[in-house]
Amino acid sequence: MIIKKAFGTQCRTLFIRTLRTMKASLPLLLTLLLATACVRHHQPIRLQGEAQGTYYNIAYCDSLQRNLQPQIDSLLHDFDTTASLWVENSIIRKANRHEATALSAHFVDLLRLSLQMEDYTHGAFNCKIGSLVNLYGFGFKNRDDITDRQVDSLLALIRHGECRIDDTHTTPRLFLSQGIELDFNAIAQGYVVDLLARMFNQLGIHNYLIDVGGEVIARGCKPDGSSWTVGIERPAKDKYSPQEIETAIQLNDLAVVTSGNYRKYYEHDGIRYSHTIDPATGRPVSHSLLSVSVVSHQAWYADAMATAFMVMGLEKSLQFIHDHPDNPDIQAVFFIYDDHGTYNTHATPEFQKLIK
Ligand code: AMP
Ligand code: MG
C-alpha cells in the first residue's frame, strides 16, 4: 500500500500528555481509549501515571474492580532501578561504571534478548552503543566537537570488546570491557509493557490496553466486544509540530511500537541527525525513513525491531521482512520522507488488515 500525504492536515484531538524527558517527547503512538459501556455494570478502569520519564495510560476490565495502581507503580519503579539510564544507581548505570552490583533477573534477560537481537538484525540493533549515544548528546553529556577518531575508537571497542553474562553460577556475572556502555532504551519500554501484561494475566484480567509512552499492548476486547483501537501518529514536520493521527488500527492480543526520528534529533548544516545510531558506521542514521510502527505479539520484540528498521532504512527492512517468511510476527508500516515536504507510507499486507 502506498499512500501519498502532505504534512500538516487537520488534527484529531487526543488525550496524550507530553512530558518533559526523552521518551516523553516521543509519544509516537496515541491510544484512543474510546469510551464505551463496560460489561453491563462496569466501566473499564482507567489509570494514568508517570514512569520511565514518560506517561502511562492503562484501561482494563476487572469484575473484582481492583485498583491496580499501586502494583503498576511498584513494577515500573522496580524496573527503573534495573534498566533506566536516568536513575543514578540503577543496575545498568552501575554496570556502565563497572561497579560491582547484583544483576537482577530482568537485567540478565534484557541483555540476553538484546544480544540475540543484535545477531538477528545483523548488527542493526546493538545495546552496546551507549557511549556513542552519549557522544552525540542524546544521553546526558553535551555534544562536543566530535571527531572521526573518537567515533572510530568507540566503534572498535563496541565491535571487539567483551560483553557477556556468565550465568552458570548461582550469581550471574557481567563481563563488560572498559569503554563499552550499555543502553537498553530501544527495548526496555516494550519489555516493561510485556511485564505489565503478564501481571494482568496472572491476576486473571484478560481484557486490557496498556500504553507506556506510546508503546502499546492490547489483549481481549473492549466491554462491548469490539477490538481495542490504537492511533498511529503521522510523522511530524519537526519536534515542535502538534501530534496528528495517520491511521487507527485494531489490536487483539498484539503490541504496537513506533520508532521515529522526527521528535528526537539535532540539525547541523541543514542535515537532520536522528537519535538512532547506525552501529555499522557509529553515526546517527540520516536517511529518508521518518518512522516505523511494528506490530508483534510481544512488545519487547516490536520495540527492538522498530529501532533496527530505523537503522536499516526502508529497502533493507523490506528485504529483511521478505527474508523471514517464517516469522509472521513482523507487521509494519513505514513512513518515508520525500524531498517536497510530503511523505509516503508503505504497509506490509498483514499490517493493512489491522487498519480500522
Ligand atoms: P527507540 O525509540 O526504541 O528506537 O530507541 C532509541 C534509543 O535507543 C536511542 O535514544 C538510544 O538510547 C538507543 N539506540 C540508538 N541506536 C540504537 C541501536 N542501533 N540499537 C539499539 N539501541 C539504540
Ligand atoms: Mg525500540
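A few points about this structure:
- Scanning region 170-194 for residues that are out of contact with any Gly (no Cβ under 8 Å at 6 or more places or on another chain) and farther than 26 Å from residue 100 by Cβ, we see that the one that is farthest from ligand 1 (Cβ to nearest atom) is 194.
- Whichever residue in region 320-348 is part of a helix (DSSP H, G or I) and without any contact (Cβ under 8 Å) to a residue 40 or more places away in the chain and, among such residues, is farthest from ligand 1 (Cβ to nearest atom): 322
- When 95, 83, 102 are checked against the criterion of being in contact (Cβ under 8 Å) with a residue 24 or more places away in the chain, surrounded by fewer than 19 Cβ atoms within 10 Å (Cβ to Cβ) and touching a helix residue (DSSP H, G or I) at 6+ places or on another chain (Cβ under 9 Å), a single residue qualifies: 102.
- Picking from residues in region 138-153 that are under 27 Å from residue 106 (Cα atoms) and away from ligand 2 (no atom under 16 Å from the Cβ), the one that is modelled with the highest pLDDT is 141.
- Residue selected from region 300-352 under the condition within 18 Å of residue 257 (Cβ to Cβ) and among the acidic types (Asp, Glu), by the criterion surrounded by the most Cβ atoms within 10 Å (Cβ to Cβ): 303
- Residues satisfying the stated conditions in region 253-273, i.e. modelled with pLDDT of 90 or more and either over 15 Å from the mean Cα position of the chain (by Cα) or among the basic types (Lys, Arg) (or both): 253
Residue by residue, here is whether (1) exposed (fewer than 15 other Cβ atoms within 10 Å of the Cβ); (2) at pLDDT below 50; (3) out of contact with any helix residue (DSSP H, G or I) (no Cβ under 9 Å at 6 or more places or on another chain) holds:
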{"position": "14", "(1), (2), (3)": "no, yes, yes"}
{"position": "18", "(1), (2), (3)": "yes, yes, no"}
{"position": "22", "(1), (2), (3)": "no, yes, yes"}
{"position": "30", "(1), (2), (3)": "no, yes, yes"}
{"position": "106", "(1), (2), (3)": "no, no, no"}
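- Residue within region 279-288 that is closer than 25 Å to residue 231 by Cβ and either buried (at least 22 other Cβ atoms within 10 Å of the Cβ) or within 15 Å of the chain's Cα centre (by Cα) (or both) present: no
- Screening 90, 63 for residues that are at negative phi and more than 22 Å from the chain's Cα centre (by Cα) leaves exactly one candidate, 63.
- Qualifying positions in region 203-245 - buried (at least 19 other Cβ atoms within 10 Å of the Cβ), among the acidic types (Asp, Glu) and touching an Asp or Glu at 6+ places or on another chain (Cβ under 9 Å): 215, 233
- Residues of region 273-319 that are away from ligand 1 (no atom under 11 Å from the Cβ) and at positive phi: 313 alone.
- Scanning region 156-201 for residues being assigned to a loop (DSSP other than H, G, I, E, B) and either at positive phi or hydrophobic (A, V, I, L, M, F, W, C) (or both) gives a total of 6.
- Exactly one residue out of 209, 155 is more than 30 Å from residue 231 (Cβ to Cβ) and touching a residue at least 60 places away in the same chain (Cβ under 8 Å), and it is 155.
- Only one of the numbered conditions (1) closer than 24 Å to residue 255 by Cβ; (2) within 16 Å of ligand 2 (Cβ to nearest atom) is not met by residue 130, and that is (1).
- Note on region 114-133: residues that are modelled with pLDDT of 95 or more, within 7 Å of ligand 1 (Cβ to nearest atom) and among the hydrophobic types (A, V, I, L, M, F, W, C) amount to 4.
- Within region 297-356, considering residues that are closer than 22 Å to residue 229 by Cβ and in contact with a Leu (Cβ under 6 Å, 6 or more places away or on another chain), the one modelled with the lowest pLDDT: 335
The values are calculated or read from the model by the stated rules, or taken from the named source; none is laboratory data. Because the structure is predicted, anything quoted here is derived from the model rather than measured. With ideal geometry, Cβ positions are generated from the backbone for all residues, glycine too; neighbour counts draw on all protein chains shown.
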